[in-house]
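Engineer: Shown below is the structure under consideration.
The values are calculated or read from the model by the stated rules, or taken from the named source; none is laboratory data. In this text the structure is predicted, and so the values were computed from the model without any measurement. As a convention, Cβ positions derive from the backbone with ideal geometry for all residues, glycine included, and neighbour counts pool all protein chains shown.
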Amino acid sequence: MDKDRVANKGSIGVFDSGYGGLTILNEFLKEFPDYDFTYLGDNARTPYGTRSFDMVYQYTRQSVMRLFEMGCQLVILACNTASAKALRTIQQNDLVGFDSTRRVLGVVRPSVEKIGEVSRNGHVGVVGTTGTVQSLSYPLEIQKLFPGTVVAQQACPMWVPLVENDERNTPGAEYFVKRDLTRLFEQDNQIDTLILGCTHYPLLLPVIERFIPAGVRVMSQGTIVAQSLREYLIRHPEMDARCTKNGTCRFFTTENPAKFNEASAVFLEQPVDSSRIEL
Ligand code: DGL
């Protein structure tokens, strides 16, 4: 057995374009209180949702490599846009050159896997950033796992700025959430399952629930992704053994740490003491 490889241990890396991935980290911290985590938010270059495929890939790759350099053996792309646009290429092209035993996982696949348990009629709606919707990642993954499912998508570019500017409980939020959900359900009025395919959207849940037809089930990603990580680590005990377990959580941002610490309060249920990092 390769001794060096076994000696390689580190925290679980959680990457997002900014703050949104903290909604996923929240659930990781509840599910894995004894594991170590390193969160990296690329706040200096957020949002990713409006950027081209190439930019999202370059930025995500740099961030993942940085987390690897910090010792992470496993990195979760908590960002839907990065999962949709960069994950596959990083898995196929970049891991081999760096260290083929490291792993990068995303949030699209675990969410799609749950559809079979949630949807009763096979009509699914997806809301996300413009980038996630244009990538077609959700419809393609859904067709692979559940052929014949009818998928409607709606880009909601105003929802992230509404959350980040603390406008969640205002008439402005109501207007845009209602408008975009109306557009989604106009595409298919039989949708019975709604995937919130963006890190920020669970924070708009109370508004979203007011504008969806009765009986529609809403899938928020935090708990789904945490459960999926649990199942992954059970299936891969060799990776679980490489995850250190001292119950710590470090935070890095590419922007101003004081700003990050303050804004994090909206997304994470614990105080944050972040450090600045250059990519
Ligand atoms: N984290 C992104 C996502 O889940 C939303 C914010 C952004 O556009 O960068 O798609």
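Engineer: Can you name the number of the only condition in (1) surrounded by 24 or more Cβ atoms within 10 Å (Cβ to Cβ); (2) assigned to a loop (DSSP other than H, G, I, E, B); (3) more than 9 Å from the ligand (Cβ to nearest atom) that TYR19 fails?
Structural biologist: Only one criterion in (1) surrounded by 24 or more Cβ atoms within 10 Å (Cβ to Cβ); (2) assigned to a loop (DSSP other than H, G, I, E, B); (3) more than 9 Å from the ligand (Cβ to nearest atom) is unmet by TYR19, namely (3).
Engineer: I need the full set of residues from segment 204-224 which are under 15 Å from GLU117 (Cα atoms) and either aliphatic (A, V, I, L, M) or surrounded by 20 or more Cβ atoms within 10 Å (Cβ to Cβ) (or both), in order please.
Structural biologist: VAL216, VAL218, MET219, GLN221, ILE224
Engineer: Can you tell me which residue in segment 79-97 is nearest to the ligand (Cβ to nearest atom), limited to those that are surrounded by 14 or more Cβ atoms within 10 Å (Cβ to Cβ) and farther than 19 Å from GLY131 by Cα?
Structural biologist: Checking each candidate, the answer is GLN91.
Engineer: A further question on this structure: If you take just the helices (runs of 4 or more DSSP H) that sit entirely in segment 140-219, which of them hold at least 2 residues that are away from the ligand (no atom under 16 Å from the Cβ)?
Structural biologist: 171-187, 205-210
Engineer: Hey, another quick one. Of the numbered conditions (1) part of a helix (DSSP H, G or I); (2) surrounded by fewer than 24 Cβ atoms within 10 Å (Cβ to Cβ), THR46 satisfies every one except a single condition; which is it?
Structural biologist: Against the list (1) part of a helix (DSSP H, G or I); (2) surrounded by fewer than 24 Cβ atoms within 10 Å (Cβ to Cβ), THR46 comes up short only on (1).
Engineer: Can you tell which of MET55, MET65 is surrounded by fewer than 24 Cβ atoms within 10 Å (Cβ to Cβ), away from the ligand (no atom under 16 Å from the Cβ) and without any contact (Cβ under 8 Å) to a residue 40 or more places away in the chain?
Structural biologist: That would be MET65, the only listed residue that is surrounded by fewer than 24 Cβ atoms within 10 Å (Cβ to Cβ), away from the ligand (no atom under 16 Å from the Cβ) and without any contact (Cβ under 8 Å) to a residue 40 or more places away in the chain.
Engineer: Now a separate question. Does VAL163 meet the test of being of a type in the set (A, V, I, L, M, F, W, C) and either surrounded by fewer than 24 Cβ atoms within 10 Å (Cβ to Cβ) or at pLDDT below 95 (or both)?
Structural biologist: yes
Engineer: Here is a further query. Just for segment 68-98: of the residues that are among the aliphatic types (A, V, I, L, M) and over 20 Å from GLN221 (Cβ atoms), which one is modelled with the lowest pLDDT?
Structural biologist: Here the answer is VAL96.
Engineer: Being away from the ligand (no atom under 16 Å from the Cβ) and in a strand (DSSP E or B) is the filter here; which residues of segment 22-43 pass it?
Structural biologist: Residues satisfying the conditions are PHE37, THR38.
Engineer: Checking the conditions here, which among LEU229, LEU204, LEU194, LEU184 is touching a residue at least 40 places away in the same chain (Cβ under 8 Å) and over 22 Å from GLU141 (Cβ atoms)?
Structural biologist: Going through LEU229, LEU204, LEU194, LEU184 in turn, just one is touching a residue at least 40 places away in the same chain (Cβ under 8 Å) and over 22 Å from GLU141 (Cβ atoms): LEU204.
Engineer: Might you check whether a residue that is assigned to a helix (DSSP H, G or I), out of contact with any helix residue (DSSP H, G or I) (no Cβ under 9 Å at 6 or more places or on another chain) and at pLDDT below 95 occurs anywhere in segment 226-248?
Structural biologist: no
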